[in-house]
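Heads up, the thing below is written out as structure tokens.
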Amino acid sequence: MSSRRQFLAHGGGLVLGLWKSAPRLLADNRERLPDGSDTKKLITPEAQKAIDRGLDYLVRHQHDDGSFGDKSQYYGNVAITSLAGLALMAGGHQPGRGRHGKAVKAALQ
């Protein structure tokens, strides 16, 4: 069992190590694939269309109270509603803003 002093010393060393390597980590903040190419090229126009169709499906199946889930199972389940809301936000939609902003806001409420 370590003392509070040991914990703080180890934590401080970790912070200093991260601080020292931060400029190198932040120098190129774009994600790169092992072959050196950008990750922006991973989502093709066809993939973006599929993502948009999936988000449209979610919005069409959202309940009036903002929840998600099948009427017979998981209706209003917090986990299912949270996952659907996260999917919408991952698609770039914010509560009250954008094409699916109303759906995100309803899911949050």
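Listing for the model above:
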| read-out | value |
| --- | --- |
| Leading residue by the ranking (modelled with the highest pLDDT) among those in the range 32-43 that are open to solvent by 50 Å² or more (accessible area, probe 1.4 Å) and not in a helix (DSSP H, G or I) | ILE43 |
| Exclusive hit being modelled with pLDDT under 90 and surrounded by 13 or more Cβ atoms within 10 Å (Cβ to Cβ), set GLY98, GLY17, GLY13, GLY85 | GLY98 |
| Cross-chain or 6+ apart pairs with Cβ under 6 Å, the range 66-84 first and at negative phi, then surrounded by fewer than 14 Cβ atoms within 10 Å (Cβ to Cβ) and of a type in the set (S, T, N, Q) | none |
| Of all residues making up the range 66-82, the number that are open to solvent by 90 Å² or more (accessible area, probe 1.4 Å) and of a type in the set (Phe, Trp, Tyr) | 2 |
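The values are calculated or read from the model by the stated rules, or taken from the named source; none is laboratory data. Keep in mind that this is a model prediction, so the values were computed, not measured. Cβ coordinates were reconstructed from backbone atoms using ideal geometry, including for glycine residues, and neighbour counts include every protein chain displayed. Calculation scope for accessible area: heavy atoms of the full protein, side chains included, ligands and nucleic acids excluded. Shrake-Rupley method; radii C 1.70, N 1.55, O 1.52, S 1.80 Å.
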